[in-house]
Structure formats: structure tokens, C-alpha cells
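K.L.:
Sharing a structure with you now.
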Amino acid sequence: MITPEQHAEIRRLYFGEHWKVGTIAAELGVHHDTVRAAIAHDTHTVRRGTCRPSVLDPYLPFLRDTRGLGRGEASGYMTVMLLAFTAGILFYGWLSDHIGKRKPIIVWSAALHLAVWCVLVYAPWKTGALGYILFAAAGFSGTGPIVTFAAAKESVAPALTGTAASFVNTGTFVATLIMQPLIGRVLAMGWSGA
């Protein structure tokens, strides 16, 4: 049996420092099976029998640590954001077709998305209805740039529409590659959480 401090140290060395199982076992003087068990079971964030791991888990510590939310409530905020994201895709596609213009949709949705995230990160918003509204707005406004696919398709010859769509898609992945560390740095500036 290991102490909670040893358990945390094993997980820190494995996940944070990227040490190998054998190196951790030798350094801490424990058996390698003990190290593997500590790596496999995070007893501090997931209690057995109460909830299962989720794809949203990487995004929950910020809400738990800065807003004092439990795992379930933090997951609720993320779920609202994802549902609004889906609704936003449908809405912005319909709206851009209805007005026949793409650029205003892209610009205004991006501006709204930036404003909502500034409020989420920097303003002292309260949990509850206001939090759910802000997360829904973040999800909904973040999908406006989806119309860039239609704009790319319409701006080239029919034989090049696939290439244009691929170029836009590549741009979204490159933007994600750049934005994730940037957002992480912004969040870390005012957060001393896990």
C-alpha cells in the first residue's frame, strides 16, 4: 500500500515528467506493479462506481478549480457548449445561405466568440444560469467560421472545390495547433490549479 503522496508523485513523474515505470519504481523504492496500478487508477479525480471517464475530462479542471464546480456540474457546462456548437453550425449555414453573404457571418461570429471568451476567462461570472448562457454563447458563436467552407467552394472553379475545401480544413487544424497552447498560456496566467 502506498500513501496518497506517493500515489500523486508516481502520477506526476509518469504523466508530467514522462519517466518510465522502472525508473519511477527504482527512484521511489516500490515495485513496478505498484507504479502501474497508480498510473492506471487516478483515485483523486474519479471515484470508482460513481462516474466513468469522459472525453471532456481534460477541460474540467479549470472549471473545478476556478469556479468550485464538481465534475458533474462542470461536465454540464461543457455539454451545453457542445449542444450550442451543433445548433450554431446549422444556424450559421442557414443564415449565410439566406442573406447570400459569407464574410459578415465569419467576422461577427468571431468577434462575438472572442467577447464571450473574454468574459469567461476574465470576468467574475457566477455559476448557474449565467454560466450556462455564457457557455452556450461560446459554443454557438464559435461555429460561424464554418461558412468558410462554402466561401472557399464558391470562390474557385468547380474542378478545384475539393482542393479549396482541403485548404480550409488544413487551416482549421493549423489554427488549433497554434491556439491550444496560446489559450493554455492565457488560462495559466491567472490560475494556480492542477
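FYI, it's all coordinate maths here, none of it is from the lab. Remember, it's a predicted structure, so these values are computed and weren't measured experimentally. Heads up, the Cβs are rebuilt from the backbone with ideal geometry, glycines too, and the neighbour counts pull from every protein chain shown.
K.L.:
Note down, for the chain, the three equivalent ellipsoid semi-axes (square root of 5 times each alpha carbon gyration tensor eigenvalue), biggest first, whole angstrom.
P.N.:
Result for the chain: semi-axes of 41, 22, 14 Å.
K.L.:
Which net charge results for the neighbourhood of residue 22, defined as the other residues with beta-carbon distances under 12 angstrom from its beta-carbon, given Lys and Arg at +1 and Asp and Glu at -1?
P.N.:
Taking every other residue near residue 22 into account, the sum is 0.
K.L.:
Starting from the Cα of residue 114, step 7 Å along the direction of its Cβ; do the same at residue 182; then give the gap between the two resulting points in nm.
P.N.:
About 1.0 nm separates the two model spin labels.
K.L.:
Below 8 Å, C-alpha to C-alpha, sequence gap of six or more: please give me the relative contact order for the chain in percent.
P.N.:
20 percent
K.L.:
Just add up the charged neighbours of residue 132: K/R +1, D/E -1, any other residue whose Cβ is under 14 Å from the Cβ of residue 132.
P.N.:
Its environment carries a net charge of +1.
K.L.:
Hey, with R₀ at 22 Å, roughly what FRET efficiency would residue 90 and residue 66 work out to, going by the Cβ-Cβ distance, to 0.05?
P.N.:
0.10
K.L.:
Ranked from highest to lowest mean number of other Cβ atoms within 10 Å per residue, what is the order of the peptides 141-153, 9-21, 157-169?
P.N.:
Peptide ranking by packing, descending: 141-153, 9-21, 157-169.
K.L.:
At a Cα cut-off below 23 Å, give the lysines reachable from residue 153, other chains included and same-chain residues fewer than 8 away excluded.
P.N.:
Once the sequence-local lysines are set aside, what remains near residue 153 is 101, 103.
K.L.:
Only helices at least 15 Å long along their axis, Cα-based, and averaging 1.0 or more on Kyte-Doolittle count here, so list those DSSP H runs from the chain.
P.N.:
Going by DSSP H runs, the hits are 103-122, 129-141, 161-189.
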